[in-house]
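S.K.: Below: one structure in structure tokens.
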Amino acid sequence: MRRVLVVGDVMVDVVARMSGPLAVGSDTPAEVVVRPGGAGANVAAWLAEAGVDVTLVARVGADAAAARAADGLRRHGVRLELTEDPERATGTCVVLVGPGGERSMLPDPGANAALAAADLPAGGFAPGAHLHLAGYTLLRPGSRDAAREALHRARRAGMTISIDPSSAAPIEQFRPDRFLELAGHPDLLLPNRDESRALTGVDDSAAAARALTTSAREVVVTLGAGGALWTDGRVTIEAPAAATGAVADTTGAGDAFAAGFLAAWLDGAPPGAALERGHALAARALG
């Protein structure tokens, strides 16, 4: 199994499961939980669960939230390259979950927005290893130079690269063509359905995925309960989502899928088998 370097974000998720539609300007009863999160941290944790030797590179605050997140990640088996920001707190995301499971997120990136090229580990980029980059690092102006430097070092070392575009609305505001230009034709692009639509303007997910193969060697689009699909532009493979019991929360399920797919893909599994591995980890996250 190849070593993986994840460059991404560490967040504190404040998840509020609402009992009904949001009563704007008034009260909506909710069940609220606080837990570690962040696209980079989530993928790294699930990669470690899948048996991958993984290192997470991120920037955090000098606060208790960062200490709790680091402790949890170490227990999962993640190696850490965390830089403490002397001014900014660890990032926080308020997640509003509607009765039907639809999520709306209010992120404050905090220290994640200041990730610098100097935070990248000198020895983390090596032939045969893999870089996984959270798209947020490219979308945020403060961390963009670090993301570009990570991509440059990975290519110079001959590493394979995967990128998760992270979020549809920021992509649309940033300009999809600019995002894809900065991504620089990675080996694997991992958008969800909304992100693939934002990147291409194409509603049909399979057609959007094929269109994205002009910007990436392989593309995987996650479709929520509809499963996921893989394409290299010539062949398209679809796989249904794994059966699950009661869904506790959908937050982070996409990150778990990405980790499961990556673990299998890096181990040489064919696309169909890698999709199944992704769904298996996503099902665990949903429970």
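S.K.: Once the piece of chain linking ARG74 and LEU22 is laid out straight, how much longer is it, given 0.36 nm per residue of separation minus the C-alpha distance between them?
M.R.: Numbers: separation 52, 0.36 × 52 = 18.72 nm, distance 3.68 nm.
Full-extension gain reported as 15.0 nm.
S.K.: Still on this structure, I have one more. What net charge do the residues around ARG153 carry, taking every other residue with its C-beta under 13 Å from that of ARG153, with Lys and Arg at +1 and Asp and Glu at -1? Each step should come with its number before you reach the end.
M.R.: Numbers: positive: ARG148, ARG155, ARG156; negative: ASP119, ASP145, GLU149.
Net of charged neighbours comes to 0.
S.K.: PRE reach from ARG178 (point 7 Å along Cα→Cβ): which of region 137-154 fall under 14 Å by backbone N?
M.R.: Hits in region 137-154 for ARG178 at 14 Å: 138-145.
S.K.: Find how much the distance from ALA207 to ALA157 grows on full extension, using 0.36 nm per residue of separation minus their present alpha carbon separation; answer in nm with one decimal.
M.R.: On the way: separation 50, 0.36 × 50 = 18.00 nm, distance 3.27 nm.
Fully extending the segment from ALA207 to ALA157 adds 14.7 nm.
S.K.: Still on this model: Checking a compactness column here: for the chain, what do you get for Rg(Cα) / (2.2 N^0.38 Å), N being the number of residues? Could you put the intermediate results ahead of the total?
M.R.: Values: Rg = 17.8 Å, N = 287, 2.2 N^0.38 = 18.9 Å.
Dividing the Cα Rg of the chain by 2.2 N^0.38 Å gives 0.94.
S.K.: Using Cα-Cα distances under 8 Å and only pairs 6 or more residues apart, what relative contact order does region 136-199 have, in percent?
M.R.: Values: 63 pairs, mean separation 23.8, N = 64.
Averaging sequence separation for qualifying contacts and normalising by length gives 37 percent for region 136-199.
S.K.: Further question on the same structure: Divide by every residue of the chain the summed helix terms, -39500 (n - 2.57) for each DSSP H run of at least 4, and state the resulting mean residue ellipticity at 222 nm, rounded to the nearest 500 deg cm²/dmol. Intermediate results must be reported in sequence, preceding the final value.
M.R.: Values: 10 runs with 106 residues, N = 287.
Dividing the helical sum by the residues of the chain leaves -11000 deg cm²/dmol.
S.K.: Let me ask something additional. Top mean-square fluctuation among PRO176, PRO271, PRO29, Gaussian network model of the chain, C-alpha springs under 10 Å?
M.R.: Ranking PRO176, PRO271, PRO29 by mean-square fluctuation puts PRO29 first.
S.K.: Once both labels are modelled 7 Å past Cα along the beta-carbon direction, what's the VAL14-ALA62 spacing in nm?
M.R.: Modelled inter-label distance: 2.4 nm.
S.K.: Moving on to the next point. Which one, ALA209, ALA134, ALA269, has the greatest fluctuation when you compute a Gaussian network model over the chain with C-alpha springs under 10 angstrom?
M.R.: Of ALA209, ALA134, ALA269, the most mobile in the Gaussian network model is ALA269.
S.K.: If we count other beta carbons within 10 Å of each Cβ, what is the order of ASP203, ASP187, fewest first?
M.R.: Ordered by Cβ neighbours within 10 Å, fewest first: ASP203, ASP187.
Read-outs: derived from the displayed coordinates by stated rules, not from any lab. Since the structure is predicted, the reported quantities are computational estimates derived from the model, not experimental observations. Cβ atoms come from the backbone with ideal geometry, glycine included; neighbour counts cover every protein chain shown.
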